[in-house]
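The values are calculated or read from the model by the stated rules, or taken from the named source; none is laboratory data. Everything numeric here is computed off the predicted structure, so don't read it as measured data. Methodologically, a virtual Cβ is constructed for each residue, glycine included, from the backbone with ideal geometry; neighbour enumeration extends over all protein chains shown.
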Amino acid sequence: MPFRHIAIRGDFPVSSKNSAFTASRAKREAFKICAMLSQTDSFAKAAPRELAMKSVLLLLLFFISTPAWGFQGLTIDPNGPFLVVEVVDADTVVLEDGREVRFVGVQAPKLPLGRKGFEAWPLASEAKERIVEHLLGQDVTLAYGGRRVDRYGRILAHLFLAKGATPTLDEDTWVQGWLLGQGLARVYSFADNRSAIPEMLAREREARQAGRGIWGHDFYRIKTVAELEREPEDFANRFELVEGRVKATAVVRGRAYINFGPDWREDFTVTMSPKIFRSFEAEGLELSSYDGRNLRIR
């Protein structure tokens with residue numbers, strides 16, 4: 001069934017009993033999470049981004065039927081193609097004109113890249129080598145689906161090997177699709193850059209089910225809320241996929257709460273600010289309908 005996605009984004013305070021989410025440790029710990037709601041065989045997906053400990057930026061992508069997505073929403077850079085002259089890591093390259101390009105919508109295993117005390121994630125070097133083999137010295141076309149430059153000055157774009165006149169979302173030319181299909185990255189998108197998310201999620205899911213690349217390593221497996229609460233320090237400053245069953249939902253003074261335990265002040269809880277919750281309601285989504293359902297946090 002074809003789907004479209006509806007983005008709902010905001011700051012989400014998170015708490016968890018005896019964990020890094022408690023106020024006493026909030027300044028020392030941080031997580032990156034997003035949510036995906038299990039709905040029979042389909043899932044409402046969310047896009048992750050960095051957070052300050054006491055809040056989580058959450059993007060919920062809820063799927064409902066609509067005509068199939070094609071190449072809409074992407075604008076091709078007319079100045080291309082561009083030669084790739086350097087590979088920084090598995091999701092960042094440098095072009096001949098000196099610009100650094102971040103592969104929008106995905107996150108590959110991280111390398112330290114000069115960050116003191118940062119340990120390389122498993123398979124980070126291997127993933128980079130695969131990108132070197134795939135892209136270094138190749139001409140690529142850039143396409144934009146939203147915000148074009150991040151806060152570091154990097155170009156945010158979808159990349160396509162310049163094999164033909166018109167880029168397509170096939171794995172032979174679409175770099176993000178290739179990365180995800182090879183199990184070399186996870187979907188990692190933002191509310192201001194959501195083009196091709198359904199396709200990316202499908203590529204990630206297929207690679208995960210096949211156990212390719214990172215999906216064959218315990219570091220990247222989907223965790224449970226119970227694991228997160230039991231050993232939160234193990235997951236600090238990491239991008240994780242976490243699953244749990246919603247205990248209850250509530251709205252208090254316009255703020256929505258998605259609770260994974262009986263006490264939102266101590267158990268794992270995600271909240272939506274009033275502004276975000278209004279967007280949620282505007283789409284005709286009933287918060288209470290998620291009670292008892294499985295939620296995936298990313």
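For the reader, a short list of remarks on this structure follows.
- Here F219 meets the list (1) aromatic (F, W, Y); (2) touching a Ser or Thr at 6+ places or on another chain (Cβ under 9 Å); (3) in a helix (DSSP H, G or I) almost entirely, failing just condition (2).
- Single residue of the range 222-246 satisfying the filter (in contact (Cβ under 8 Å) with a residue 24 or more places away in the chain and in a loop (DSSP other than H, G, I, E, B)) that is farthest from A124 (Cα to Cα): V246
- Filter result for E227 (over 18 Å from the mean Cα position of the chain (by Cα), surrounded by 15 or more Cβ atoms within 10 Å (Cβ to Cβ) and closer than 30 Å to R115 by Cβ): yes
- 2 or more residues at pLDDT 90 or above, surrounded by fewer than 16 Cβ atoms within 10 Å (Cβ to Cβ) and not aromatic (F, W, Y): qualifying strands (runs of 3 or more DSSP E) within the range 55-161: 82-89
- Subset of the range 265-281 that is closer than 25 Å to A226 by Cα and β-branched (V, I, T) - its residue that is surrounded by the fewest Cβ atoms within 10 Å (Cβ to Cβ): T269
- Screening Q209 against (1) assigned to a helix (DSSP H, G or I); (2) at pLDDT 90 or above; (3) buried (at least 21 other Cβ atoms within 10 Å of the Cβ); (4) not charged (D, E, K, R) leaves a single unmet condition, (3).
- Within the range 103-130, being among the aliphatic types (A, V, I, L, M), in contact with a helix residue (DSSP H, G or I) (Cβ under 8 Å, 6 or more places away or on another chain) and on the phi < 0 side of the Ramachandran plot holds for V104, V106, A108, L111, A127.
- Residues satisfying the stated conditions in the range 212-224, i.e. within 28 Å of R151 (Cα to Cα) and buried (at least 22 other Cβ atoms within 10 Å of the Cβ): I214
- Close contacts from the range 252-277, counting a first residue that is under 18 Å from L295 (Cα atoms) and free of Cβ contacts under 8 Å to residues at least 40 places away in the same chain and a second that is of a type in the set (K, R) and surrounded by 12 or more Cβ atoms within 10 Å (Cβ to Cβ), with Cβ to Cβ under 6 Å and a gap of 6+ residues or different chains, come to N259/K247; F260/K247.
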